[in-house]
Structures are given as structure tokens and as C-alpha cells.
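Engineer: My questions will all concern the structure given below.
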Amino acid sequence: MHRADPRVKLATVVTSMLLLLVLQHPLIFLVAVLGLAGLYRLAGLPASKIWQVGRAVLPVGLLLAALRAIFYPAGLVLAALGPLQITGGGLAQGATLGLRLVGMALAIFLWLYTTESQSIVRGLVKLGLPYPWGLSIGLALRFIPTIRENYDTIVQAQQARGLDLEHTRGLGRVRALLPGLIALMVSSLRASENVARALEARAFGAPGVRRSYLVDLAFRPVDWLLLLLLGLGAGAILLLYFRFGFGADPLRLLS
Amino acid sequence: MIRAPRLEAIDLWYAYSPERPALQGADLTVEPRELLALVGQNGSGKSTLAKHLNGLLRPARGQVRLEGEDVSGLSTGRLARQVGYVFQNPDHQLFSPSVEQELGLGPRYLGLSPTEVEDRVLHGLHSFGLQSIAQRGPGTLSFGLRRKVSIAAVATLQPPVWVLDEPTTGLDWGSAVQLMDHFAELNTQGHTVILITHDMRLVVRYASRVAVMSEGRVVGTGTPAEIFGRPDLLQSTRLKPPPIVELVQRLASSGLEIEGLTVAAACRSFLARHRDKLG
């Protein structure tokens, strides 16, 4: 997993996203989420990483699932409270939506966790993206954990000044955390300015020079094999979808 | 005179993640009115231990006691009145559009009356010489001034205990001494000061006691002279005493007995004992 060419991994992520957007059945998504979790373990990533991703998207996923289940009634009514109805179809659609979000997040983070930022940049540049753009994307990804750590420290600094977060809920909590976002923005802008200067100081963007690589990317036979398997797998699923309606309906596996 | 509370950390265990244990049974007692230096290599657990003292982090196991009372039931907001924490990076603790508002943020969080907030802000601006930049945005100031504002902002909480997390990083020696002189003055007024630092010159100059951390535990405590007189501890924790301490120790091993942890103290000791050798 870690050794695969970043372009193959990117193709896997894009294909997974495509399938997660096209298909509609919650059972398929459940299998996909479990499969992705299995890939995390196969890649040697600790279970805590899966939990980290899950924890980040689960609240939104559950909210979307609940809203969908309540406001898009379809099929058998399972429970009713006044005008609100929980239906089998609504629940299935809600579960589809929630699992789709979790699946997409797992796919993207699997790529990020198993690919060094330099490899991401090289992969994107090999696919035709101008180097400065590729580098910008790589740097942005590289700084996500740093920004997260900085934000945690900033919230701690607010608490150390007397902000009582433990007894602040809902909108009050959001309002209380707003000053922290200002501090985060200022420190992030300062950091980005420093990074830009450091890059320039190391000859980034020097005129008339074509960038060289110490280790360049090259497709190995195993990468071609992985790409072939990916194509065949995705092709088979899409064929089943278009030909037999596999996974096209949230309530039935085959239409 | 300020009456600072006694702080105790008892068998603290904490991990940022299963792969990243930070505290592994740390014990520390901070007596009222002492200036304690918390030293150790990067990653030894200094900041993590200090963040437990005002509830920013809660231990997985163990207890923090304030005047003998377990603080687990107290919120960080409540503890902030007792233990002020100055973070390493001033940019992580400046939230307001002006210096004046920045100094008022903590007192407002504490729910103080507008008059008291104003009093504390004015006092903070005056004590730290910030009146001329009161209306400026903290983000537009130099590093040294941002550091000063971040400390003044904690000062408006009027905490009897201060935790200073590497407060002199990025400051020249003169500014570092000026800053630490301020805290030494607070210390003489009765405040407790916990100084986290890698600068051993500051330790010998200001600390009344030193706690050495290694791999999530406090492995040694004592006066600076006691700590720097323990070569085994220094070696195992890779602490390097200031050059003058090393010089004094080497001279002593060559038979020239002098004492002192600072240049001034070593000179005084030399003159007192060996004036005749000057000829």
C-alpha cells in the first residue's frame, strides 16, 4: 500500500469516489466502508487512525442521515410523530448518505496516510499539473496536522485565560471559539509567509531552471497490475449497475 | 503579599495517543512562593506536566491537588484564576483586534464587572509599558512586543501561580533577563513561578529549585547547585550546565576550590579564597 505508485493510489481514490457517488445501496456502502477499514489495517495503520477519520465525519454523516430519513419519506412507515414519519425508504436513503460520507473520507485519508507529501506532489506533476500547483497542494496537505495542533493549542490558551468551555454548549460554544479562529488565521498566515520565504531562499522559482528530482516516479509491473485490477473491478461494478441496476435503488440490490 | 497555593502532581499518566506516551508516573510538588525551573530534553513531558497543573490536560491516571484538594472537579476556566499559563508561542494566545481588548479578554471570561475589567486593563498596560500601543492590533507588533502583550494578558487574571512555557525563546539575552526580572519581582511579592526552559543560565540565575524531567517522569529535584553537582543525572538527562559551572567544577577538580553558579558568584568566591594568588 505504502509502496504503490501515488498515481495508482490517486486513481483508486477517484474510482472509489465515483462508485460511492453512482451507487445508492447502503449495504454496498457498508461493505465498502468495512473493506476500506480492512485496507487501513493491511497498510499497517493503527485502528486509531480509522477512529480519527470516523470521529471527524461521523457527526455530519449522522446529521445528514437523520435529516434524509425524516424529510424524504418513502415506503413502509416505521414510526410517526405528528407530521414527521420515519420510513424504510427514508432510513435506507439516510444510511446511504451517511455511509457515503464516511466511505469518501476513509478513501481520501487512506491515500494521505499512505503517501508522503513529496510523492503526492510528484504524482500530480507527472499527471500534468504545473509544479508550483502540485507543491501548493502538497504543502496544504502537509500542514493540515500542524494547523490542527495549533488550533488545539489556541483553544487551550483561551481556556488558560479563563474561558470555561466545559460549561458552554451550542451557539455559545461557537461564539466563544471565534477569537481562537482569528488567532489561528494570523498564525497560519505568518507560517505560510515563512514557508514561502524559506522556499524562495532555497531557489524555488529560480528563472531559467528546470526542476530535477533525486528519485523520480516510475510505474512498476505491480503498479500496472493494481491499475488493471482496479479498472476491471470498477468496470464490472459499473456494468452490473447499468445492465442490471445493481445498487441503483437504496431498497433493492437489483432493480 | 500574595498567598499562592501549594500544587501537587501525584503519579500522573497521560498519552496524546497510544503510540505517544507523554507522562509515565510524574510526581511534582510546587511549594508556595518558589521559583521552580522545570527542565529536561524536548519531549521529556515538561509542558504536558505543566498543562495538568491548570487543568488544560486531565490525567489518564493520577491526581493534581491544589492546597490538598483534588482539582478534577474544577473546570479549566476556574483553575485559570489560580494558575496562569504563558504559552511558548505568543501568536497562539492573541485573539483580539487591539492590545487593550486583548488584556480585557481574560477578565471578561472571568465575568468581572466592567469597572474591574477596565482597572485591570489599565494596570496591565501600565505595568508592562504598553500604553502607547494600546489601540494597535497585536498581530502587527514585533515578536518581543507580542510576547510582552501575551504575558500582560495573563497578568490581568492576577493568578498567584504562573507557568511560563519557554518564555524567552526568540528573545535576546537582555530582553530575556528583563522579562525574568519581572517574574523574579513577582516571586518576591509572593507569587509562585514555574519556569520551563532549556536555558540553564536562566536556571542558575533565577530558580530556587529545579525539577528535571526525563521520559515522562520527574527524575531529580533540588537546588540548582545540587542538580548541577550530580554528573550522573546530567549525563542521563543530557543536561548541560552553563559554562561557568563547568569551569568551576573543573577548577575544583584541579585543586582550586571556588564556588558559584554565576560568573559574579564565582568571582566573589575566588577573590574571597584566593586573593593572594593574584599577586
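Engineer: Return the residues of region B:1-40 that are of a type in the set (S, T, N, Q) and over 14 Å from B:Glu215 (Cα atoms); say none if nothing qualifies. Explain how you work it out, then say what you get.
Structural biologist: Quick first cut of region B:1-40, residues of a type in the set (S, T, N, Q) only: B:17, B:24, B:29.
Of everything in region B:1-40, those that are of a type in the set (S, T, N, Q) and over 14 Å from B:Glu215 (Cα atoms) turn out to be B:Ser17, B:Thr29.
Engineer: When region B:169-200 is examined, which residues are found to be among the β-branched types (Val, Ile, Thr) and within 10 Å of the chain's Cα centre (by Cα)?
Structural biologist: Scanning region B:169-200 gives B:Thr192, B:Val193, B:Ile194, B:Ile196, B:Thr197.
Engineer: Test A:Ala160 against the criterion of being surrounded by 11 or more Cβ atoms within 10 Å (Cβ to Cβ) and touching a strand residue (DSSP E or B) at 6+ places or on another chain (Cβ under 7 Å), and give yes or no.
Structural biologist: When the stated conditions are applied, A:Ala160 passes them.
Engineer: I would also like to ask the following. Which number in (1) surrounded by 16 or more Cβ atoms within 10 Å (Cβ to Cβ); (2) out of contact with any His (no Cβ under 8 Å at 6 or more places or on another chain) marks the one condition that A:Gly38 misses?
Structural biologist: It fails just one condition, (1).
Engineer: Across region B:67-82, which residue is surrounded by the fewest Cβ atoms within 10 Å (Cβ to Cβ) among those that are under 18 Å from the mean Cα position of the chain (by Cα) and more than 8 Å from chain A (Cβ to nearest Cβ)?
Structural biologist: It comes out as B:Gln82.
Engineer: Go through B:Thr223, B:Thr262, B:Thr169 for me and flag whichever is surrounded by fewer than 17 Cβ atoms within 10 Å (Cβ to Cβ) and free of Cβ contacts under 8 Å to residues at least 24 places away in the same chain.
Structural biologist: On the way: B:Thr262 fails: free of Cβ contacts under 8 Å to residues at least 24 places away in the same chain; B:Thr169 fails: free of Cβ contacts under 8 Å to residues at least 24 places away in the same chain.
Answer to the selection: B:Thr223.
Engineer: Restricting attention to region B:83-102, which residues are part of a loop (DSSP other than H, G, I, E, B), at the interface with another protein chain (Cβ under 8 Å from one of its Cβ atoms) and within 21 Å of the chain's Cα centre (by Cα)?
Structural biologist: Answer for region B:83-102, where residues must be part of a loop (DSSP other than H, G, I, E, B), at the interface with another protein chain (Cβ under 8 Å from one of its Cβ atoms) and within 21 Å of the chain's Cα centre (by Cα): B:Phe87, B:Asn89, B:Gln93, B:Leu94.
Engineer: Return yes when A:Leu181 is within 14 Å of chain B (Cβ to nearest Cβ) and either out of contact with any Ser or Thr (no Cβ under 6 Å at 6 or more places or on another chain) or part of a loop (DSSP other than H, G, I, E, B) (or both) and no when it is not.
Structural biologist: So A:Leu181 fits the description; yes.
Engineer: To continue, here is another question. Go through region B:104-119 and give me each residue that's of a type in the set (D, E, K, R) and under 13 Å from A:Ala176 (Cα atoms).
Structural biologist: B:Arg108
Engineer: For the list (1) over 17 Å from B:His191 (Cβ atoms); (2) surrounded by fewer than 15 Cβ atoms within 10 Å (Cβ to Cβ), I need the number of the one condition that B:Gly40 fails.
Structural biologist: In the conditions (1) over 17 Å from B:His191 (Cβ atoms); (2) surrounded by fewer than 15 Cβ atoms within 10 Å (Cβ to Cβ), B:Gly40 misses (2) alone.
Engineer: Every residue in region B:43-56 that is more than 18 Å from B:Val154 (Cβ to Cβ) and either surrounded by fewer than 21 Cβ atoms within 10 Å (Cβ to Cβ) or of a type in the set (A, V, I, L, M, F, W, C) (or both), please.
Structural biologist: Of everything in region B:43-56, those that are more than 18 Å from B:Val154 (Cβ to Cβ) and either surrounded by fewer than 21 Cβ atoms within 10 Å (Cβ to Cβ) or of a type in the set (A, V, I, L, M, F, W, C) (or both) turn out to be B:Gly43, B:Leu49.
Engineer: B:Arg120 is checked against (1) crowded, with 20+ Cβ neighbours inside 10 Å; (2) out of contact with any strand residue (DSSP E or B) (no Cβ under 9 Å at 6 or more places or on another chain); (3) outside any helix (DSSP H, G or I) and fails just one. What number does that condition carry?
Structural biologist: (3)
Engineer: Ok, one more. Take the conditions out of contact with any Asp or Glu (no Cβ under 7 Å at 6 or more places or on another chain) and either surrounded by fewer than 15 Cβ atoms within 10 Å (Cβ to Cβ) or free of Cβ contacts under 8 Å to residues at least 60 places away in the same chain (or both) and apply them to B:Arg250. Does it pass?
Structural biologist: Yes.
Engineer: Does A:Leu45 satisfy the criteria of being away from chain B (no Cβ under 14 Å) and surrounded by 15 or more Cβ atoms within 10 Å (Cβ to Cβ)?
Structural biologist: So A:Leu45 fails the test.
Engineer: Further question: Quick check on my filter: what residues within region A:144-174 are at pLDDT below 85 and either facing another protein chain (nearest Cβ under 7 Å) or part of a helix (DSSP H, G or I) (or both)?
Structural biologist: Filtering region A:144-174 down to residues at pLDDT below 85 leaves A:144-145, A:164-174.
Listed by number, the residues that qualify are A:Ile144, A:Pro145, A:Asp164, A:Leu165, A:Glu166, A:His167, A:Gly170, A:Leu171, A:Gly172, A:Arg173, A:Val174.
To keep it simple, each residue is scored yes or no on (1) touching a residue at least 40 places away in the same chain (Cβ under 8 Å); (2) part of a helix (DSSP H, G or I); (3) surrounded by fewer than 19 Cβ atoms within 10 Å (Cβ to Cβ); (4) within 12 Å of chain A (Cβ to nearest Cβ).
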| residue | (1), (2), (3), (4) |
| --- | --- |
| B:Leu105 | yes, yes, no, yes |
| B:Thr115 | no, yes, yes, no |
| B:Gly124 | no, yes, no, no |
| B:Val149 | yes, yes, no, no |
| B:Leu157 | yes, no, no, yes |
| B:Val163 | yes, no, no, yes |
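Engineer: What number goes with the only condition from (1) part of a helix (DSSP H, G or I); (2) more than 12 Å from every other protein chain (Cβ to nearest Cβ); (3) out of contact with any Asp or Glu (no Cβ under 7 Å at 6 or more places or on another chain) that A:Asp216 does not pass?
Structural biologist: In the conditions (1) part of a helix (DSSP H, G or I); (2) more than 12 Å from every other protein chain (Cβ to nearest Cβ); (3) out of contact with any Asp or Glu (no Cβ under 7 Å at 6 or more places or on another chain), A:Asp216 misses (1) alone.
Engineer: For the list (1) more than 9 Å from chain A (Cβ to nearest Cβ); (2) under 18 Å from B:Ala4 (Cβ atoms); (3) in contact with an Asp or Glu (Cβ under 8 Å, 6 or more places away or on another chain), I need the number of the one condition that B:Leu53 fails.
Structural biologist: It is condition (3) that B:Leu53 fails.
Engineer: Restricting attention to region B:226-242, report how many residues are crowded, with 18+ Cβ neighbours inside 10 Å, assigned to a loop (DSSP other than H, G, I, E, B) and either of a type outside the set (Val, Ile, Thr) or under 13 Å from the mean Cα position of the chain (by Cα) (or both).
Structural biologist: Residues flagged as crowded, with 18+ Cβ neighbours inside 10 Å, assigned to a loop (DSSP other than H, G, I, E, B) and either of a type outside the set (Val, Ile, Thr) or under 13 Å from the mean Cα position of the chain (by Cα) (or both) within region B:226-242 amount to 3.
The values are calculated or read from the model by the stated rules, or taken from the named source; none is laboratory data. All values derive from a computational prediction rather than experimental measurement. Note: ideal-geometry Cβ built from the backbone for every residue, glycine included; neighbour counts use all protein chains shown.
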